[in-house]
1. Accessible area of A:Leu39, 1.4 Å probe, to the nearest 10 Å²?
2. If I require 15 Å or longer along the helix axis, counting alpha carbons, and a Kyte-Doolittle average no lower than 1.0, what helices from chain A are left? Use full DSSP H segments.
3. For labels at A:Glu61 and B:Glu9 in the simple 7 Å Cα→Cβ model, what's the distance in nm?
4. What nm value, rounded to one decimal, do you get for the distance between B:Arg123 and A:Leu103 when each label is placed 7 Å out toward the C-beta?
5. Out of A:Glu13, A:Glu62, A:Glu212, any idea which swings most in a Gaussian network model of chain A, alpha carbons joined below 10 Å?
6. Once ligands and nucleic acids are excluded and a 1.4 Å probe is used, how much of A:Thr69 is accessible, expressed in Å² to the nearest 10?
7. By residue number, which cysteines of chain A lack any other Cys whose Cβ falls under 4.7 Å from their Cβ?
8. For chain A, the longest stretch holding no chymotrypsin sites (Phe, Trp or Tyr not before Pro) located in a DSSP loop with at most 14 other Cβ atoms within 10 Å is which?
Amino acid sequence: MTKERTTQNHFWERNRRSGGYLLKRRSKQIAISVIRAVLMFGLCFMIIQPLITRFARSLMEEKDLYDSTVVLLPRHATLVNYKYVADLTGFPGTMITTLWISLVVSVCQVVAATLASYGFARFDFPLKKFWFACVVMLIIIPPQTISPALYMTFAQFDFFGIITAIRGGPINLRSNILPYLMMCLTCMGLKNGLFIYMLRQYFKSIPVSLEEAAYVDGCGTFHTFIQIMLPDAMPIIASCFLFSFVWQWTDLFYARNFLTGYQTYAVRMSTMASAMGKYFSASETTQVIVDPHRTMQLISIAVLICCVPLIILYCFTQRTFVESLAMTGSKE
Amino acid sequence: MSSRRTVSESIQMYVPGTKMYRTMAARRARIGTLFILPFIIGFIFFMVRPLILSMQMSFNQINIKGFTMKWVGISNYEYALKVDTEFNERLVTEIGRMAVNVIATLVMSFVIAVILNQKFKGRILCRIIFFLPVILSSGVLPGIESSNEFYNMMTDINNSVQNASGVNISAALQNLLSVSGVASGVFDVIFQMINAIYDIVMASGIQIIIFLSGLQSISPSLYEAADVEGCSGWESFWKITFPMVSPLLLVNCIYSIIDFFMKNDNQVIEHINNVTYGMNAMAADIGVASAMSWIYFGVALAFVGISTLIITLAVKSYD
């Protein structure tokens, strides 16, 4: 008690001697940190809140949705909604399909992007500037612009007439994953331009002397790349992979255009609302009209299920995510 | 490294037996080309070719059955802009929304990045939460709840119910302020931003990361020097932090514009998809859809160009 008083006295003493400056500074600091705390809390809450609401509402029975006294805590808690959503989205099956598609696609994307970005970062070849401008174009051009054309290309796939010569006609590749993998392996997948850009920034930041030393010691170009550059770039490659995985996981555009043969979770989720009428009706032929609150609730659950694996993944990897990205951005 | 070569020398680098072929530079050039070869192939086959095809399709009437094309000149464009009742309206709405949202995103992400760069308790947790939108606002997720047909049918009813029962604070405030008659146009924009704040925060994950990386690369000794010279925190923010980070403004601005233009919940994209696949009682017409995509792409490109110009003129580069 006495000690506290002395420090307090000391503070006022110092404040008096500084002519009020100390008090002004201290109160300014406190005000700033209070404002900061309020702002941060508000914004964080805004990001988290939809997740909480969704989770709370997912446990409600239908009558709770109309009870205006029920806001967050369900009065009639139930887990049956999850069963409905699992049926509607074909839960374990579609999730597994999405998982392997996302894995394969992101591996292909990252391999292709790593190779190309290393080429851009370290080698000097004719038309380099032009090709890099193409990478930037790739980031800028919305895939929607070329989607009808790609649709036609793959619906009647014909590689310079070779396939027509062998099989007597073009083949329809739309329901196959091959064309999409082909696009990923040639750096044309989902947001692939961005990965090339990010990886190139990183490779540029690695000192050239490292490679030169390896070269002097008799290490070949590819050997250097695999043994020296790749291990060094692992964090950023990992975060590109994570980005790719996450974006592929939730992608609807490419899935709808090229992967029509596979039921991915995102696709099922987007058509869920129209499937509901049939699902809830008693007989096979009739459809009931599901009211909007109910529809919204079930879709929210689907979104929640979709997010959960990603959030878990993110919690484990956020260090790599954030740190490696912080390393690239600024250098140019 | 960057010595200028003639065209013939460049070609010689790839032709065995020539004098240039055996040089070290040529060897490195060939290996480099090999590294980006997949990209070159992909770009030509899956980007340039579809682009040309799509350009061609926008000038043709397309019969979906046999993929036959009939040259119709610019009538698809005329249809998209003059006949189609929704396209124009949606395009204008989206551009307006974009202008507001991009500016708000830039300001918001910059402020958040500055705060996250300070040291305070719970900083790590805040960072984790702020980058969560990178995941949560990707792909199908942002638009799924609003693009639900049944829901759209009922939104009017929902809204009227909500207005009757609940108290909407921002609307009440807006009414109050617009009654007092102060520059209502400005207030409209501000309230639009406030109402869209959730979308803005959800869209600014990557931008925060980019700004944050810029902030972290500023040497602390700069601030120290400024402090010794008697600079206040406010002054050193405008004299050091802002100029050092401003080159990233361009990157972020372009990223935000593109991100906004390509979002799934974008009305124009939805409309183009509807026209392409003939959904929502729309006749499937790939020709018109291509024309619309090209108009849309042109607008997006124009915006990227304009903002690049403005920012490069306004912001001095300190490289």
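The values are calculated or read from the model by the stated rules, or taken from the named source; none is laboratory data. Since we're looking at a predicted model, the values are computed, not measured. Don't worry about glycine lacking a Cβ; one is built from the backbone with ideal geometry, like all the others, and counts go over all protein chains shown. Protein only, heavy atoms only, side chains kept; ligands, DNA and RNA dropped before computing areas. Shrake-Rupley method; radii C 1.70, N 1.55, O 1.52, S 1.80 Å.
1. Its accessible surface works out to 70 Å², give or take rounding.
2. Span-like helices in chain A: A:91-122, A:128-140, A:234-249, A:292-328.
3. Label-label distance for A:Glu61 and B:Glu9, simple model: 8.3 nm.
4. In this crude label model, B:Arg123 to A:Leu103 measures out at 3.8 nm.
5. Largest GNM mean-square fluctuation: A:Glu13.
6. The accessible area comes out at roughly 90 Å².
7. Isolated Cys, chain A: A:Cys44, A:Cys134, A:Cys187, A:Cys219, A:Cys240, A:Cys306, A:Cys307, A:Cys315.
8. Numbers: sites that count: A:Phe159, A:Phe160.
Longest gap between qualifying sites, sites excluded: A:161-332.
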